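Undergrad: Quick one: structure below, then a few questions.
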Amino acid sequence: MYEDDAVPSYPGEFLGMPKNGSGSQASVMRRMVAVLIDWLICLAIASFAVTQTDVLGDRATLTYLLWIAMGILFGWLFARTPGMMVLGMGVARVDAEAPVGFWRAAVRTILTGFILPAALVDADGRGMHDRATNTTVIRL
C-alpha cells in the first residue's frame, strides 16, 4: 500500500478521503477554531455559574470540566461539538461507517484536553487523539 516514510499529497489521502469538499480532512486551523468556540461557550456558562454560587469552585476548573463533559456528550451523541457544528465539521471513524460511540468520544476529548497529543499531528493531519481512537475530523 504505502511505505512508512511516504508523504501524502494532501491530508487524508492515506485514509481514502477526498482532497476537498464534504468528507475531506478538516484543517488543523479549522479544528483549533472549533475548540476555541467550545471553550468560549464553556467559559460563558462557568462565568455565570460562579457568580451564582461558590459550590462549583473556581471559573477555570469549572470551564475545563464543562469542556470535557460537553466534548464527551456531544461527541457521543452527535459526533461533533458545537464549535464543529458552527464550522461544518464532524468526527468520523476511520475503520467503519459506525457511530463514534461513548468510549471514543471520551478518549478523544480527554486526550485533546491535554493539548500536546492534539498538537502532534501526522502527515494526514490527525492528532494523537485521532489515531488512538481511529477517528478523524471531516468537513460536512
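All of the numbers you see were taken from the coordinates with simple rules; none came from a lab. Every value quoted in this text rests on a predicted model; they were computed, and no experiment measured them. Neighbour counts are summed over all protein chains in view; Cβ atoms, including those assigned to glycine, are modelled from backbone coordinates with ideal geometry.
Undergrad: Taking amide hydrogens as modeled 1.01 Å from N in the peptide plane, which residues meet the under 5 Å criterion relative to ALA79, leaving out close sequence neighbours?
TA: none
Undergrad: How much of the pair distance distribution for the chain lies past 27 Å, counting alpha-carbon pairs only, in percent?
TA: The answer is 23 percent, as a whole percent.
Undergrad: So, one more: Rounded if a/c is under 1.5, else prolate if a/b is larger than b/c, else oblate: which is segment 78-131, with a ≥ b ≥ c the root eigenvalues of its Cα gyration tensor?
TA: Rounded.
Undergrad: Out of VAL50, VAL100, VAL91, any idea which swings most in a Gaussian network model of the chain, alpha carbons joined below 10 Å?
TA: VAL50
Undergrad: Separate question: Among THR112, THR63, THR53, which one shows the highest mean-square fluctuation when the chain is modelled as a Gaussian network with alpha-carbon springs under 10 Å?
TA: The residue that fluctuates most here is THR53.
Undergrad: Tell me, TRP39, TRP76, TRP103, TRP67 in order of fewest to most beta-carbon neighbours within 10 Å?
TA: TRP103, TRP39, TRP76, TRP67
Undergrad: Taking the number of other C-beta atoms within 10 Å as the exposure measure, put ILE110, ILE41, ILE138 in order starting with the fewest.
TA: Fewest-to-most ranking of ILE110, ILE41, ILE138: ILE110, ILE41, ILE138.
Undergrad: Please state the charge dipole magnitude for the chain, taken about the Cα centre, from unit charges on C-beta atoms (+1 on K and R, -1 on D and E), reported in debye and rounded to the nearest 20.
TA: Value, rounded to 20: 400 debye.
Undergrad: Next question, about the same structure. Which residues' amide hydrogens lie under 5 Å from the amide hydrogen of THR135, considering only partners 5 or more residues apart or on another chain, with H built in the peptide plane?
TA: Distant-sequence amide H within range of THR135: VAL94.
Undergrad: Using the Kyte-Doolittle scale, find the helices of the chain whose mean hydropathy is at least 1.0 and whose Cα atoms extend 30 Å or more along the helix's long axis, counting only whole DSSP H runs.
TA: Going by DSSP H runs, the hits are 28-52.
Undergrad: Can you pull the one-decimal nm distance between simple spin-label points at LEU15 and ALA132, each 7 Å off the Cα toward Cβ?
TA: Modelled inter-label distance: 1.7 nm.
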